[in-house]
Amino acid sequence: MLIPTPLRSYTADAAVVAADGATLAGILADLDRRYPGLRFRVIDEQGDIRRHIKFFINGAQAANLEPALHDADEVMIVCALSGG
Amino acid sequence: MAQAKKAARERRLTLLIATRKGLWQLHTDAARRTWRVAGPQFLGHIVHHCIADPRDSKTILAAARTGHLGPTIFRSQDRGRTWHEAKLPPAFREGSGRVVDHTFWLTAGHASQPGSWYAGTSPQGLFRSEDGGATWHSVDGFNEHPQRKAWCGGDKDGTPDGPKLHSILVDPRNAAHMYIGMSSGGVFESTDAGAHWRPLNRGLRADFLPDPDAEYGHDPHCVRLHPALPDRLYQQNHTGIYRLDRPGEQWHDLGATMPKSVGSIGFPVVLHPRDPDTLWVFPMDGSSVWPRVSPGGKPAVYRSVNGGKSWQRQATGLPKTQAWFTVKRQAMTADAATPTGVYFATTSGEVWASRDEGRSWKCIAAHLPHIYSVEAA
């Protein structure tokens, strides 16, 4: 998984980390086990992707957390950095 | 000896400055003459509120989010040197359809319940922690109340930055007796630790509603309870300044004695730590489209020493003209010293201090980001 700079305080500044799971929801749960607190910063309490967050799987944007994942898939988290 | 010096240093006053871009601290000497700016911490985070635990000398909580990441709480147990994130930040019940945008207000719990804290959020939600802010749980008596939506309106309604639950007040005589303020919504009271709530808005004008005497839907900006006389409450409201003496139910308007050219609109109200009759407000222009700046560009604090019967302008040391200050509801406070120090901070990043109860003012920090709150620690 590719971690954007705003979330690297959770990953000890690592830009690339590994996570396991059969779906995007699954790897986010695993990511939160490895880096507690990270998931809630990008997923709200209703299980929805937060407004300024996007997920890309092998370069294609995911609309929700349901897409299935396979070994070696690359997941990128993008924070929309805008405003002043 | 080293420990004694360290303890003495730690007892000196610190101001916690929460801003739209992070957290700063202002440290002073024993006489409160010189100030030193320290920070930033959480640079780039929107810190809506940061307060110290009055029950110990070490714990500080900060409510933070960034423009793109969700809201969280940071906790320090060494007066802000190191911080740890909450394991379970305030969040509404899954399936409720509601989402916490940010935690807006923090209040330490009752003195008899160390480690207890309350958080008020935007949109309006009430949360409690019993472990020093590590994990937070919904106060369902409010968040799941069948009348909550009628009281507060929709989550997208309310103030420009989102409707807020603020002014969480715990009666020092009784941990189960609480008040909250909401814009929009009004003042509400619980006598059973948050299990049940009722509106407490009689006497408040809501001239922006079809019924100005409505039971709820009011816009208190800041409500304070006097620690030495807990039956005395003051409120800076969207429509003026009010006082309530319990067990009475009727708020009384204190704004009529303010100068007409200044008015009685503002965000904060600050109480003297020992004298229930002394309070300060920071009037702003609430005319026409609500500029929310110092009336006429001439900032002034107004003080009453008789419970709001009359007011004195306190502007010595403040700019005399072309100073368009905006002071938000958490951005004004008092310390516990004698004489009491009073402080306010502006959205243009200035912090002003008076160490003589408002008689004279001095700018003690400038060029900080937009300031949301200033609290004495």
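Cβ crowding within 10 Å ranks A:LEU38, B:LEU106, B:LEU318 as B:LEU318, A:LEU38, B:LEU106, fewest other Cβ atoms first. Rounded to the nearest 0.05, the FRET efficiency derived from the C-beta distance between B:GLU249 and B:ASN174 at R0 = 22 Å is 0.75. Each of B:LYS309 and B:ASP78 was given a label point 7 Å from its Cα along the Cα-to-Cβ line. The distance between the two points is 5.3 nm.
Counted by Cβ distance under 15 Å from B:HIS48, the other residues give a net charge of +3, where Lys and Arg count +1 and Asp and Glu count -1.
For the pair A:ALA12 and B:LYS149, what calculated FRET efficiency results from E = 1/(1 + (r/R0)^6), where r is the Cβ-Cβ distance and R0 = 45 Å, to the nearest 0.05? It would help to have the intermediate numbers written out before the result.
Details: r = 43 Å, r/R0 = 0.96.
The pair B:LYS149/A:ALA12 has a calculated efficiency of 0.55.
If we count other beta carbons within 10 Å of each Cβ, what is the order of B:MET332, A:MET76, B:MET258, fewest first?
The order, fewest Cβ neighbours first, is A:MET76, B:MET258, B:MET332.
Evaluated over the range B:276-377, the count of Lys pairs having alpha-carbon atoms less than 22 Å apart is 6 (only pairs 8 or more residues apart or interchain).
When each of the peptides B:119-130, B:161-172, B:355-366, A:63-74 is scored by the mean number of other C-beta atoms lying within 10 Å of its residues, the order from highest to lowest reads B:119-130, B:161-172, B:355-366, A:63-74.
Take each residue in B:83-92, count the other chain C-beta atoms within 10 Å of its C-beta, and the mean is 3. The mean number of Cβ atoms from other chains found within 10 Å of a Cβ in peptide B:232-238 is 0, as a whole number.
Bear in mind that the values in this text are calculations on the coordinates, not laboratory data. Not measured: the values here are computed from a predicted model. Glycine also receives a Cβ, built like all others from the backbone with ideal geometry; neighbour counts cover every protein chain displayed.
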